[in-house]
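Below: one structure, written as structure tokens.
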Amino acid sequence: MKYTVVFHRSEDGISVSVPGLPGCWSEGNTEEEALSNIQDAIQDYLAAIKDLSEEQEIYEIEIAA
């Protein structure tokens, strides 16, 4: 899967968010570190969503771009 990520640069480093996954943020001192960290954050986010929805009825839909 591909996710759009947004870099937020400051004097303290780079924060990165995932607009498609509300609340999914990470950070790093470099672009490479921030990208690596957000990949881990995305995996953790998706695992948490899976755990929370175990007892739910789930469907997948496809949206044409």
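Six or more apart or on different chains, Cβ under 9 Å: which pairs go from a residue in the range 42-65 that's within 28 Å of residue 15 (Cβ to Cβ) to one that's among the small types (Gly, Ala, Ser) and at pLDDT 95 or above? Could you list them? Listed pairs, sorted by first residue: 42/26; 45/23. Does the range 1-36 hold any residues that are free of Cβ contacts under 8 Å to residues at least 24 places away in the same chain and part of a loop (DSSP other than H, G, I, E, B), and which are they? Across the range 1-36, the qualifying residues are 1, 2, 4, 11, 12, 19, 20, 22, 23, 24, 29, 30.
I'd like to know if the range 4-15 contains one or more residues that are aliphatic (A, V, I, L, M), modelled with pLDDT under 95 and loosely packed, with under 12 Cβ neighbours inside 10 Å. Checked the range 4-15: no residue is aliphatic (A, V, I, L, M), modelled with pLDDT under 95 and loosely packed, with under 12 Cβ neighbours inside 10 Å. Taken together, 57, 32, 62, 27 contain a single residue that is more than 16 Å from residue 6 (Cβ to Cβ), over 8 Å from the mean Cα position of the chain (by Cα) and at pLDDT 95 or above, which is 32.
The values are calculated or read from the model by the stated rules, or taken from the named source; none is laboratory data. Because the structure is predicted, anything quoted here is derived from the model rather than measured. Here Cβ is always computed from backbone atoms with ideal geometry, including for glycine, and neighbour counts include all displayed protein chains.
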